[in-house]
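Chemist: One structure, pasted below without further comment.
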Amino acid sequence: MTRILAIARNTFRENIRDKILYNLILFALIIILSSLALGQLALGNEQKVLLDLGLFSISVIGMLISIFIGIGLVYKELEKRTVYALIAKPVHRYELILGKYLGLLFTLLVNLAIMTVGLELALLYAGRIGLGGYLRLLPAVYLVFLSLALVTALALLFSTFSTPALSALFSFFLWIAGHFGKDLQSFGEITKSASVKWICNILYYVIPNFSNFSVDSRNIIQDAAYYQPMNPYSIAGVTLYCILYCAVIISISAAIFMRRDFK
Amino acid sequence: MNIPVVEIKNLTKDFQVGFWKKHPVRALDNLNLQVYKGEIFGFLGPNGAGKSTTLKILMHLLHPTSGEARILGQSIDSVSMHKSIGYLPENPYFYDYLTPEELLTYVGRLFGISSSILAQKVETLLKRVGLDGSRKLQLRKFSKGMVQRIGIAQAIINDPEVVFLDEPMSGLDPLGRMEVRQIITSLKAQGVTVFFSSHILPDVEAICDRVAILNKGKLLQVGALEEILKVGIEGHEVILSKWSVPVLGELRETCSEVRLMGDRLHLKLRTPAQMELLFSLVSTHRLELISVNPIRPSLEEYFQSIVGVPPPAESRGQVAL
């Protein structure tokens with residue numbers, strides 16, 4: 001465990017010394033602040049505009065950080081040959097994968113915290129939502145974090161065997177496709193072709209189901225943000241789904257990495 | 001008693017090349033080798049000979065196609081064995097956003113060295129490799145020589161029993177090479193076994209106890225330098241002084257080659273009969289015998305003769321400054 005934590009800590013340090021991270025966070029904060037101005041135009045709906053844009057930017061910027069840093073996690077180690085000295089140490093290859101993953105998750109956590117504070121401050125400026133309102137944003141951000149943990153695992157998987165450009169493409173494609181998981185299942189149900197139905201079913205279970213982060217087609221994130229009652233069972237279910245899915249993806253990544261030759 | 005610390009048995013590595021990876025290229029062919037405790041072992045060969053491939057297999061960076069290797073009696077798959085070894089890769093590259101202090105602390109943590117001991121260790125190592133003054137400088141600002149030195153520091157932070165150095169002198173200026181040589185000999189003095197690959201022959205000649213010569217993945221020779229080089233002994237060189245002009249004529253008739261350097265005569269003799277005649281002349285004319293040395297091929301010449309290709313310029317000690 002000490003070794004995994006040492007690798008995670010170094011990955012975190014690598015990330016926070018990377019300029020791309022600051023640019024993305026700055027960009028998110030600018031969007032959140034500009035939503036304040038946009039909110040003025042939507043009479044009586046300032047908070048809705050603020051929340052919509054705020055959560056959207058947290059989610060999208062988080063996804064960009066996950067993909068752009070995630071795809072380089074292993075690839076950069078191989079490309080710059082830093083992995084040579086590392087593997088020769090008393091480190092299991094799966095520990096390297098796990099440490100890198102945890103390091104990026106911690107980076108995401110810190111970034112989400114910064115962006116959430118930005119959004120909370122913007123909400124405070126917009127005023128009149130009460131202390132409960134600020135706290136209700138946290139479960140929504142928690143669900144964003146879970147979805148990002150999944151995106152990061154996918155980016156890491158692709159980075160163990162592919163180039164950064166292809167890894168980014170695959171990760172982004174799966175992120176998009178994953179939002180249509182329920183639609184894919186519904187399409188499978190109404191189609192008359194047995195083979196299409198079969199393919200839809202397979203894809204529904206294989207592709208990460210980001211639509212799981214919604215309940216009854218209303219986005220659970222927005223439910224939380226708009227003070228709808230949060231169903232603890234659905235949050236626990238999504239958490240479990242995320243943990244299991246990530247465990248499978250990280251295990252596959254580790255298996256690929258363990259078989260690799262470092263020429 | 002010679003205790004083997006590195007044992008390589010029938011080690012073979014094929015790389016699959018081509019679009020469908022169907023064509024195997026043999027990088028290492030049935031290598032058998034033993035390195036003994038406390039020795040400095042030089043692993044020689046031209047580029048592409050299979051030196052780095054061997055080291056990478058030993059470091060578990062490459063999976064062998066067949067054969068096996070053990071280090072300190074344990075399989076190379078054993079992660080715990082890696083606690084007792086150090087490794088410097090060829091043309092090393094480390095996280096350039098770290099300072100040397102941060103890199104060594106990170107590596108020390110991977111070895112499970114406790115924080116209190118680690119701080120002291122990092123301090124000592126930075127002084128030992130001459131990077132004490134650059135401890136807060138990011139590695140991206142380091143010269144190649146400095147990177148090589150931090151590479152050696154990270155390879156020995158765990159006080160290893162065996163150190164593997166892949167081309168440690170490559171790209172260094174003469175002073176840098178001398179410093180690395182000093183570090184290697186000091187490791188030997190501490191009882192550390194050093195296994196290093198190189199194509200810079202004068203360095204190998206200067207510090208190695210035994211060498212192995214590899215070409216196109218095959219082991220050509222292995223043994224002590226004296227053993228390898230005495231095979232090709234070409235005669236003797238004798239240096240004399242207090243000679244006189246009349247003797248010079250007799251010496252020219254006796255020896256294969258006579259050269260005057262300062263007030264001394266440098267003579268080359270190819271046969272035992274020539275030696276016998278010379279010693280009788282020395283005795284008769286009361287010449288002063290300064291030295292008698294066997295004429296052996298240098299490792300460079302020997303390398304060239306068995307590998308069949310001239311070694312690169314750098315290997316002849318000609319380093320671009």
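The values are calculated or read from the model by the stated rules, or taken from the named source; none is laboratory data. As the structure is a computational prediction, the values presented were derived from the model and not from experiment. Heads up, the Cβs are rebuilt from the backbone with ideal geometry, glycines too, and the neighbour counts pull from every protein chain shown. Please note that ligands, DNA and RNA were not included when accessible areas were found on the heavy atoms of the full protein model with its side chains. Shrake-Rupley method; radii C 1.70, N 1.55, O 1.52, S 1.80 Å.
Chemist: Mind checking which residues of region B:133-153 are surrounded by 14 or more Cβ atoms within 10 Å (Cβ to Cβ) and over 23 Å from the mean Cα position of the chain (by Cα)?
Modeler: If the condition is that a residue be surrounded by 14 or more Cβ atoms within 10 Å (Cβ to Cβ) and over 23 Å from the mean Cα position of the chain (by Cα), then B:Ser134, B:Arg135, B:Leu137, B:Gln138, B:Leu139, B:Phe142 are the ones that fit.
Chemist: Something else: Mind checking which residues of region A:172-193 are basic (Lys, Arg) and either more than 24 Å from A:Val151 (Cβ to Cβ) or not in a helix (DSSP H, G or I) (or both)?
Modeler: A:Lys192
Chemist: If I filter region A:75-92 for residues that are surrounded by 18 or more Cβ atoms within 10 Å (Cβ to Cβ), more than 14 Å from chain B (Cβ to nearest Cβ) and within 30 Å of B:Asn158 (Cα to Cα), do I get at least one hit?
Modeler: yes
Chemist: Separate question: Being open to solvent by less than 100 Å² (accessible area, probe 1.4 Å) and either part of a helix (DSSP H, G or I) or in contact with a Ser or Thr (Cβ under 6 Å, 6 or more places away or on another chain) (or both) is the filter here; which residues of region A:12-22 pass it?
Modeler: A:Phe12, A:Arg13, A:Glu14, A:Asn15, A:Ile16, A:Ile20, A:Leu21
Chemist: Looking only at residues that are without any contact (Cβ under 8 Å) to a residue 40 or more places away in the chain and assigned to a helix (DSSP H, G or I) in region A:252-263, which one is least open to solvent (accessible area, probe 1.4 Å)?
Modeler: Applying the filter and picking the extreme gives A:Ala255.
Each row is one residue, and each column tells you yes or no for (1) under 29 Å from B:Arg181 (Cβ atoms); (2) touching a strand residue (DSSP E or B) at 6+ places or on another chain (Cβ under 7 Å); (3) free of Cβ contacts under 8 Å to residues at least 12 places away in the same chain.
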{"position": "B:Ile213", "(1), (2), (3)": "yes, yes, no"}
{"position": "B:Glu226", "(1), (2), (3)": "yes, no, yes"}
{"position": "B:Leu240", "(1), (2), (3)": "no, yes, no"}
{"position": "B:Val245", "(1), (2), (3)": "no, no, yes"}
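Chemist: I'm told B:Asp173 meets every condition in (1) more than 9 Å from the chain's Cα centre (by Cα); (2) open to solvent by less than 60 Å² (accessible area, probe 1.4 Å) except one. Can you identify the failing condition by its number?
Modeler: Failed condition: (2).
Results for (1) part of a helix (DSSP H, G or I); (2) buried (at least 16 other Cβ atoms within 10 Å of the Cβ); (3) of a type in the set (D, E, K, R); (4) touching a Phe, Trp or Tyr at 6+ places or on another chain (Cβ under 8 Å), shown as yes or no for each residue.
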site: A:Ile4; (1), (2), (3), (4): yes, yes, no, no
site: A:Leu26; (1), (2), (3), (4): yes, no, no, no
site: A:Gln47; (1), (2), (3), (4): yes, yes, no, no
site: A:Ile61; (1), (2), (3), (4): yes, yes, no, yes
site: A:Leu64; (1), (2), (3), (4): yes, yes, no, no
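Chemist: Got a sec? Which of B:Glu234, B:Glu314 is charged (D, E, K, R), open to solvent by 30 Å² or more (accessible area, probe 1.4 Å) and modelled with pLDDT of 75 or more?
Modeler: On inspection, the qualifying residue turns out to be B:Glu234.
Chemist: Same structure, new question: Could you check region A:135-170 and list, in sequence order, the residues that are farther than 27 Å from A:Leu119 by Cα and out of contact with any Ser or Thr (no Cβ under 6 Å at 6 or more places or on another chain)?
Modeler: A:Phe161, A:Ser162, A:Thr163, A:Pro164, A:Ala165, A:Leu166, A:Ala168, A:Leu169, A:Phe170
Chemist: While we're here: For region B:1-94, which strands (runs of 3 or more DSSP E) that fit wholly inside it have 3 or more residues that are more than 12 Å from every other protein chain (Cβ to nearest Cβ) and surrounded by fewer than 19 Cβ atoms within 10 Å (Cβ to Cβ)?
Modeler: Per the criteria, B:4-17, B:23-36, B:66-71.
Chemist: How many residues are open to solvent by less than 30 Å² (accessible area, probe 1.4 Å) and more than 10 Å from chain A (Cβ to nearest Cβ) when one looks only at region B:95-112?
Modeler: 3
Matching residues to (1) touching a Phe, Trp or Tyr at 6+ places or on another chain (Cβ under 7 Å); (2) farther than 25 Å from A:Ile256 by Cα:
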{"residue": "B:Gly48", "(1), (2)": "no, yes"}
{"residue": "B:Gly67", "(1), (2)": "no, no"}
{"residue": "B:Pro89", "(1), (2)": "yes, no"}
{"residue": "B:Thr99", "(1), (2)": "no, yes"}
{"residue": "B:Arg109", "(1), (2)": "no, yes"}
{"residue": "B:Ala119", "(1), (2)": "no, yes"}
{"residue": "B:Lys136", "(1), (2)": "no, yes"}
{"residue": "B:Lys141", "(1), (2)": "no, yes"}
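Chemist: Moving on to the next point. Confirm whether A:Leu96 is part of a helix (DSSP H, G or I), surrounded by 24 or more Cβ atoms within 10 Å (Cβ to Cβ), within 14 Å of another protein chain (Cβ to nearest Cβ) and at pLDDT below 90.
Modeler: no
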